[in-house]
Amino acid sequence: MSVAAALPKRKRLSEGLTVTQKVFVRSRNGRASKIVREHYLRKDIPCLSRACDKCPEIVVPDAKSELPSFVLSESPLELPSIGKHYVVLDTNVILQAIDLLENPDCFSDVIVPQIVLEEVRNKSYPVYTRLRSLTKNSDDKKRFIVFHNEFNEFTFIDRLPEESINDRNDRAIRKACQWYGEHLEPYGIKIVLVTNDRLNRDAADKSKDSFISMSLFDYVQALPNGDEIKDSIPNFEVSSENTKDTEAKSEFTYPEYYSTSRIMGGLKNGALFQGNIQISEYNFLEGSINLPNFSKPVLIVGPKNLNRAFNGDQVVVELLPQSEWKAPSSIALDSEHFDVNDNADIDGDDDNSQVVLSDKQRKLLTQDAILAQKSNKVQPTARVVSITRRSWRQYVGQIAPNSVDAQNGGTQNVFVILMDKCLPKIRIRTRRAHELLSQRIVISVDSWPETHKYPLGHFVRNLGEVESVQAETEALLLEHDVEYRPFSKKVLECLPPEGHDWKAPETLDDASAVSKDPLLPKRRDLRDKLICSIDPPGCVDIDDALHAKKLPNGNWEVGVHIADVTHFVKPNTALDGEGASRGTSVYLVDKRIDMLPMLLGTDLCSLKPYVDRFAFSVLWELNENADIVNVDFAKSVIKSREAFSYEQAQLRIDDPNQQDELTHGMRALLKLSIKLKEKRINAGALNLASPEVKVHMDSETSDPNEVEIKKLLATNSLVEEFMLLANISVARKIYDSFPQTAMLRRHASPPSTNFELLNEMLQTRKGMSISLESSKALADSLDRCIDPKDPYFNTLVRIMSTRCMMAAQYFYSGAYSYSDFRHYGLAVDIYTHFTSPIRRYCDVVAHRQLAGAIGYEPLDLSHRDKNRMDMICKNINKKHRNAQFAGRASIEYYVGQVMRNNESVETGYVIKVLNNGIVVLVPKFGVEGLIRLENLTKDTGSASFDEVEFKLSFTQATTGKRRDVHVFEKVDVQVRSVLDQVTSKRKAELLLI
């Protein structure tokens, strides 16, 4: 296919409106087709400066009849060397320094040309969303605007013959700067183009235009607080502004990445493979990548083969010769305690032919290689030859004390050890090294040149002192990408103006209420039903409520009533956008990070007792065997009679003195739920487990004071069964109505390779195995994994099985065939999430689709579009996973605080045996920890690891006797909380008794 383009010509259509045409001729198979594209240019696009008195006269309202806001200050920052000025940014500065732009203490009046915004979106969508947030939420301190230079007749430029797109865009940015400079000259405001592109600066200087161009470093240095924010300048390889960085560059070399043409050709012909790399949680020098047609993950072992890849990066790999294939590592290595004495100013050694390992690293990896040769579990290995998409984000860590030069009070290179132990340490330059010791800090990664042993980054901000509750909580939220900032003004403006005084109308035909809500008459009034809610203690965001009523024919009317969030959260509003972005609420030990503003989550939407609330109801007719006779869906108005905790509900059901109609309904719900669960189990639903614990907080001091294993009551199961039934019923309904875009949730069956290791351990140590022919076979085999001498063993196997399962995921129905909709864990053919719209955005979408399916209101186009639904699903899958990890990290932190002054001996279970240690799970605290070989014995040389028997043998340090430790073994361990001196992280330290 060839493309030819005729030079565009401009034609004036009317005063203030010009059109330029581009004519393309495409030829395919000898046939030519002419394509004409029209690009409209206007004269009424304003500068948005409050100093300007011309632009307010030419602006016209937008499609919503609203005039644009003039944001830029009439009295911007004045610098001695520049004067009063606005800043224009180029694309690379935004991509590289978005953290600096978000800093409230610099970059106040900023113009982002439209062409720059588009380039940022194409290169990094996460940075684009952060930039859009700055431009949309401008306030008196941060004033960012987007200038539509591509539609302004005075700033639009045509691409010249032989000119690259990049050069044309750079010229367009300079043209916008020139127009602004001339336009604002009468008001004494200058324009500064901040760009790190030397050629762009040279072109600006040669043209002698009416604006100034500066590098980011030079501009920051010119600011009054430049010295304070210099640490936040991106840290790239040697630059003219940062010559001291040459100290950190040496002969150290990683392999070069392949060229784009070689990558494209290799992917096409099958010589190369692409996927996301996952770094082992036990060995930071080992990664794996799941590739199509491979039954096992492909291993990537060693720093040279990992080739600067971060956990989660999308990489291209090349298989290594079969002679280099090996088994997964049986050695624990973490990045935190390796090379702790490295000099941050020296980044390698003189051998540029390969990545050099320390003797200790080489010895451990050699042992691993020898074991792999004897093993029959050899896996293919590969090396990274390109990184197509980085997973870099802001990271939390702390400066390694050993890397700080105590004699240097100025700027120096230091290492930051990250909280994520799968990642390498980052080298940053800072003048605040001594001040930031023992502080949790946020950093960003800028680059990882092939000549540097460690990635380069820059300081973003200080969170506070290590182990302080505020710093640690903010750290775990940042680490798991949880949005925790207050809701913006635009989001809050979408809430009902009545605030907490909002009330549901007393009657559904009230004229004044109908005038405000024309859909009100379509609701069903269910306020006469005896409805109650059953939730965890202290729950304030009540999503769901239930009722049961005996019908004249002997069957039961059962209702699940879900908070009608979509009545308040309308599509395509700022509130909806914020909910979609957050994806889910996040529950920590001491706080809740809401998906929606508190007014909705804990009041207007929450199905609190004794007040009228809007709901979305699922109503069944069930027979005594809990079979569905009929199902109906309706938007409704309800009035909950009581809000029970699980324990309160259980006590009321069990109390024979309670004979009221509400209690009879609760007892009926319990009986029916038992039958529903029995049916699920018979169909093959899995009953898995996790080592979850609950942390109790002191009511006065809010300090953690006790940890207990979570207890489940029959009422937990009651609620769960009816929520599952509602989700299944809704899934069927929305799929029938929207077969291409229904919001669903699937759980794929696990590949047999996931259970290989667990089955080997069970077979070797217990003579048991887990069957994988179906979910029913798996469930039955789990039931058979019983040790009469140890009741906890079955729970332990279920915990370990859970880790072998695939993760459930949200998807839209057009993405898979019906056979792939199946939820393996629940043993149902179709499933969704509908019952928690206050805290999950998936449920919000399901509510809108159900409303469309029953004819209540038309479905918004965004939920009928496959591309939009795909974006929504990807985001909520990511946010849901991050919320789970954040919740677990919060529990882990508080458990550490509880254990801080409570050293004790507890029962533990060995869940993994390694060459240089054992991993033990302590059920009481829900923690697991690695007991290293050096803490098990004084004579590490005499220790032996039997990979076949999953056994580690050593001479015990405390008794001097030879001891064998096997997987699944029940052991006594001394548990105490210690603060790691290298990482400044508190963790459970386990010592074998």
Between E281 and R868, 0.36 nm times their residue separation minus their Cα-Cα distance comes to what? 207.9 nm
Segment R527-K711, extension gain: residue separation times 0.36 nm, minus the distance between their alpha carbons: 62.9 nm
May I ask you to rank W325, W620 by accessible area, largest first, using a 1.4 Å probe over the protein chains only? W325, W620
Filter on K296/K453; K84/K123; K677/K711; K326/K951 - keep pairs with C-alpha separation over 23 Å: K296/K453; K84/K123
With every protein chain kept in place and a 1.4 Å probe, region 885-993 has an accessible area per residue in Å² of 44 Å²
Tell me the accessible surface of E947 in square angstrom (1.4 angstrom probe, heavy atoms of protein chains only), to the nearest ten. 40 Å²
Output row, site E435, 7 Å Cα→C-beta label point, backbone N cut-off 18 Å, window region 462-479, residues 462-466
Along region 886-900, what does the Karplus equation 6.51 cos²θ - 1.76 cosθ + 1.60 (θ = phi - 60°) give for ³J(HN,Hα), rounded to whole Hz, x for Gly and Pro? 5, x, 5, 5, 5, 4, 4, 4, 6, 4, x, 5, 5, 6, 3
Mind checking the full-extension length gain between S942 and R667? Use 0.36 nm per residue of separation minus the Cα-Cα distance, one decimal, nm. 92.7 nm
Could you please state, rounded to a whole Å, how far the C-alpha centre of region 409-455 is from the C-alpha centre of region 105-133? 26 Å
Counting only helical runs of four or more DSSP H residues, what would the 222 nm mean residue ellipticity of the chain come to if each run contributes -39,500 (n - 2.57) and the total is spread over all its residues? -8500 deg cm²/dmol
So for the chain, considering every pair of alpha-carbon atoms, how many percent are separated by more than 51 Å? 29 percent
Restrict the search to region 69-153; then list the trypsin sites (Lys or Arg not before Pro) that DSSP places in a loop and that have at most 15 other Cβ atoms within 10 Å of their Cβ. K141
Estimated vicinal HN-Hα couplings, Hz - region 672-688 in sequence order (Karplus 6.51, -1.76, 1.60; Gly, Pro = x): 5, 5, 4, 5, 5, 5, 4, 5, 4, 4, 5, 7, x, 5, 8, 10, 8
Considering only protein heavy atoms and a 1.4 Å probe, what is the carbon-and-sulfur percentage of the accessible area of the chain? 49 percent
Measuring from label point to label point, each 7 Å out along Cα→Cβ, what is the Q394 to Q648 span in nm? 3.9 nm
Taking only protein heavy atoms into account and a 1.4 Å probe, give the accessible area per residue of region 74-232 in Å². 44 Å²
Heavy atoms only, probe 1.4 angstrom, no DNA, RNA or ligands counted: give me S65, S781, S164 ranked by accessible area, highest first. S65, S164, S781
Could you tell me how far the Cα centroid of region 894-915 sits from the Cα centroid of region 222-236, in Å? 44 Å
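The values are calculated or read from the model by the stated rules, or taken from the named source; none is laboratory data. Note that the structure is a prediction, hence the values are computed from the model and not measured. Using ideal geometry, Cβ is built from the backbone for each residue, glycine included, and neighbour counts are taken over all protein chains shown. Areas reflect the complete protein model, heavy atoms only, side chains present, ligands, DNA and RNA absent. Shrake-Rupley method; radii C 1.70, N 1.55, O 1.52, S 1.80 Å.
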